[in-house]
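Heads up: the structure comes next, in structure tokens.
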Amino acid sequence: QLQLVESGGGLVQPGGSLRLSCATSGFSLGYYGVGWFRQAPGKEREAVSCISSSGGSTNYADSVKGRFTMSRDVAKNTVYLQMNSLKPEDTAAYYCNLRQALHDYWGQGTQVTVSS
């Protein structure tokens, strides 16, 4: 069974840090591009970061570059997003995505709220 489960979200103050995890099952991660997306209320879902299937390249949205770090642990079938220096505008539901041959798989999302 193919499944993605995000965790690690929560309420943090501006400047704080969180690490999101995406535990996968039923996938061979080495054959999927992986990414994190987020969606704030009333806004479209946007890409935050992604890693190619080979793991050879990692891309970040300009808004998070230098603050967020994405990683993939193939052995643990888990994708991570380390988020530092969080800002209120980072508040959103964060989703893990796997892509192969233009077919996307999504988790249920985990809420990140940055507020003082």
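With the structure loaded, tell me whether Ser25 is closer than 19 Å to Tyr94 by Cα and in contact (Cβ under 8 Å) with a residue 12 or more places away in the chain or whether it fails that test. First the steps, then the outcome.
Numbers: closer than 19 Å to Tyr94 by Cα: yes; in contact (Cβ under 8 Å) with a residue 12 or more places away in the chain: yes.
Considered against the rule, which asks whether it is closer than 19 Å to Tyr94 by Cα and in contact (Cβ under 8 Å) with a residue 12 or more places away in the chain, Ser25 comes out as yes.
In region 1-31, which residues are of a type in the set (Gly, Ala, Ser) and part of a loop (DSSP other than H, G, I, E, B)?
The first filter runs over region 1-31 and keeps only residues of a type in the set (Gly, Ala, Ser), leaving 7-10, 15-17, 21, 23, 25-26, 28, 30.
If the condition is that a residue be of a type in the set (Gly, Ala, Ser) and part of a loop (DSSP other than H, G, I, E, B), then Gly8, Gly9, Gly15, Gly16, Ser17, Gly26, Ser28 are the ones that fit.
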Here are Ser85, Ser115, Ser53: which of them is farther than 22 Å from Ala23 by Cβ, touching a Lys or Arg at 6+ places or on another chain (Cβ under 9 Å) and touching a residue at least 24 places away in the same chain (Cβ under 8 Å)?
Ser85
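Open to solvent by 20 Å² or more (accessible area, probe 1.4 Å), among the polar types (S, T, N, Q) and out of contact with any strand residue (DSSP E or B) (no Cβ under 9 Å at 6 or more places or on another chain): which single residue out of Ser28, Ser7, Ser17 fits that description?
On the way: Ser7 fails: out of contact with any strand residue (DSSP E or B) (no Cβ under 9 Å at 6 or more places or on another chain); Ser17 fails: out of contact with any strand residue (DSSP E or B) (no Cβ under 9 Å at 6 or more places or on another chain).
After applying the criteria, what remains is Ser28.
Mind listing whichever residues of region 35-49 are of a type in the set (A, V, I, L, M, F, W, C) and either surrounded by fewer than 18 Cβ atoms within 10 Å (Cβ to Cβ) or modelled with pLDDT under 95 (or both)? Steps first, answer last, please.
Residues of region 35-49 that are of a type in the set (A, V, I, L, M, F, W, C), as a first pass: 36-37, 40, 47-48.
Scanning region 35-49 gives Ala40, Ala47.
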Of all residues in region 40-96, which are among the acidic types (Asp, Glu) and either assigned to a strand (DSSP E or B) or in contact with a helix residue (DSSP H, G or I) (Cβ under 9 Å, 6 or more places away or on another chain) (or both)?
Glu46, Asp73
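Table: residues versus (1) closer than 15 Å to Gln111 by Cα; (2) of a type in the set (Gly, Ala, Ser); (3) under 12 Å from the mean Cα position of the chain (by Cα).
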site	(1), (2), (3)
Gly9	yes, yes, yes
Ser21	yes, yes, yes
Arg67	no, no, no
Asp73	no, no, no
Asn77	no, no, no
Glu89	yes, no, no
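The values are calculated or read from the model by the stated rules, or taken from the named source; none is laboratory data. This structure is a prediction, so every number in the text was calculated from the model and none was measured. Positions of Cβ are backbone-derived with ideal geometry, glycine not excepted, and every protein chain shown enters the neighbour counts. In case anyone asks, the SASA skips ligands and DNA or RNA and just uses the protein heavy atoms, side chains included. Shrake-Rupley method; radii C 1.70, N 1.55, O 1.52, S 1.80 Å.
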